[in-house]
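Undergrad: Okay, handing you the structure first.
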Amino acid sequence: ERLRKELHWTKPASIRADRFTGWLAAAAEAGASPRTVNHYLQTAIAFCNWCAGQGRMEANPLRLVSKTTVTEPKLARRALTAAELDRLVKVDVKRGLIYLTAALTGLRREEVATLAWGDVHLDALRPYIALRASNTKSRRADTVAVNGELAAILRCRRPDRGESSDKVFGWVPKAQTLHKDLATAGIERIPAPELSLEEGF
């Protein structure tokens, strides 16, 4: 709809590669990311392909327009120090336990969100979490050891009565909340491996 309005596409014959290329360049200069520019290009090409398939165009006029190269920024990674993790956990009691679980197990955000009590084996000689294949990024079942401190906290939280399918956490913080909590704790925002809640946002 935006392309139709700004490029005055009143009919299929109005779509021209030169004007569209100029529009993409202007969008990039105005601050649009390469990924956004390519999204508009892909959408326009898909529309023109549909028009050609329906006999509304003889050929796709945008077929030769090239994509913009997308370069992902390389961000330095480091682990949170014990002191930083302690400050983050203390920002909020409920969110703190979620952050602690992610940090001490290495679970991704989606894995924490889907974690059920039936997956958490706290009474084993060595407590562990059994990850279901459907919930892991690799789509493979796996097991993760649970730190003794975390196991003790989760035992206190575990309901006396409940179903094994009940979620350990009813929700997980969104990226914006995590970033605010990091700032409150005086921690520089980083994609830390030990704080894998960053993944998936």
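The values are calculated or read from the model by the stated rules, or taken from the named source; none is laboratory data. What you see is a predicted model, and the numbers here were worked out from it, not measured in a lab. Counting neighbours? That spans all protein chains shown, and the Cβs are built from the backbone with ideal geometry, glycine included. Protein only, heavy atoms only, side chains kept; ligands, DNA and RNA dropped before computing areas. Shrake-Rupley method; radii C 1.70, N 1.55, O 1.52, S 1.80 Å.
Undergrad: Between a residue in the range 101-129 that is under 25 Å from ARG161 (Cβ atoms) and part of a helix (DSSP H, G or I) and any residue that is of a type in the set (Phe, Trp, Tyr) and open to solvent by 10 Å² or more (accessible area, probe 1.4 Å), which pairs come within a Cβ distance under 8 Å, given they are 6 or more apart or on different chains?
TA: Final answer for the pair search is ALA113/TRP171.
Undergrad: Any chance you could count how many residues in the range 84-95 are farther than 13 Å from HIS179 by Cα, within 22 Å of the chain's Cα centre (by Cα) and of a type outside the set (A, V, I, L, M)?
TA: Summing the residues that are farther than 13 Å from HIS179 by Cα, within 22 Å of the chain's Cα centre (by Cα) and of a type outside the set (A, V, I, L, M) in the range 84-95 gives 1.
Undergrad: Given LEU80, LEU75, LEU24, which one is surrounded by 17 or more Cβ atoms within 10 Å (Cβ to Cβ), modelled with pLDDT under 90 and assigned to a loop (DSSP other than H, G, I, E, B)?
TA: Being surrounded by 17 or more Cβ atoms within 10 Å (Cβ to Cβ), modelled with pLDDT under 90 and assigned to a loop (DSSP other than H, G, I, E, B) holds for just one of LEU80, LEU75, LEU24, which is LEU80.
Undergrad: So, in the range 130-159, how many residues would count as being surrounded by fewer than 13 Cβ atoms within 10 Å (Cβ to Cβ), under 26 Å from the mean Cα position of the chain (by Cα), outside any loop (DSSP other than H, G, I, E, B) and not hydrophobic (A, V, I, L, M, F, W, C)?
TA: Final tally of qualifying residues: 2.
Undergrad: Looking at the range 5-20, can you tell me whether even one residue there is among the polar types (S, T, N, Q) and touching a residue at least 24 places away in the same chain (Cβ under 8 Å)?
TA: no
Undergrad: Do you know which of the residues in the range 83-121 that are of a type in the set (Asp, Glu) and open to solvent by 20 Å² or more (accessible area, probe 1.4 Å) is modelled with the lowest pLDDT?
TA: In this case the residue turns out to be GLU110.
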